[in-house]
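The values are calculated or read from the model by the stated rules, or taken from the named source; none is laboratory data. Small disclaimer: the values here were computed from a predicted structure and weren't measured. Methodologically, a virtual Cβ is constructed for each residue, glycine included, from the backbone with ideal geometry; neighbour enumeration extends over all protein chains shown.
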Amino acid sequence: MVIVASVLEVPAYQCSSLEQFSASTRRSLFQVSKTPFRKNIVGRRVAEGRQACKPALTQDALSGKLARLGIQLDRAAIAKIEKDHRHVLDYELKALAKALGVDVNWLLGDDKR
């Protein structure tokens, strides 16, 4: 397989140069965010919900509560959810809310528990 790359020629009057931008605009264009954007807010809330229980639930204890509800999530799966390495399915979300004693909407980011 041969891959051919071509370069498009753009007339100079259509190009804009960085010199036209102010110094602050140039800095903001090339600034890299140091905090990663979390796509999965449920993981953080699961960890928060576990710690809010009295006494605090371990990941293993939460796994046991979920097993009694018919959901098979082991400790490693819960750890992956909390660290954003695994997404949560809808039926798992409902069971997590029940096991933690919180509202599903709270797990999804709402302020009301």
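Some notes on this structure:
- Evaluation of Tyr91 against (1) in contact (Cβ under 8 Å) with a residue 12 or more places away in the chain; (2) buried (at least 18 other Cβ atoms within 10 Å of the Cβ); (3) outside any loop (DSSP other than H, G, I, E, B) (one fails), failing number: (2)
- Number of positions in the range 46-77 that are buried (at least 16 other Cβ atoms within 10 Å of the Cβ), among the charged types (D, E, K, R) and farther than 13 Å from Gly101 by Cβ: 0
- Of the residues in the range 49-63, at least one is modelled with pLDDT under 95, among the small types (Gly, Ala, Ser) and in a loop (DSSP other than H, G, I, E, B).
- Scoring Arg45 on the criteria (1) more than 12 Å from the chain's Cα centre (by Cα); (2) in contact (Cβ under 8 Å) with a residue 60 or more places away in the chain leaves a single failure, condition (1).
- If you go through the range 68-78 and keep only what is part of a helix (DSSP H, G or I) and either among the acidic types (Asp, Glu) or under 12 Å from Glu92 (Cβ atoms) (or both), you end up with Ala77, Ile78.
- For Ala76, the test of being small (Gly, Ala, Ser), at pLDDT 95 or above and out of contact with any Asp or Glu (no Cβ under 7 Å at 6 or more places or on another chain) is passed.
- With respect to (1) in contact (Cβ under 8 Å) with a residue 40 or more places away in the chain; (2) under 16 Å from the mean Cα position of the chain (by Cα), the lone exception for Gly101 is condition (2).
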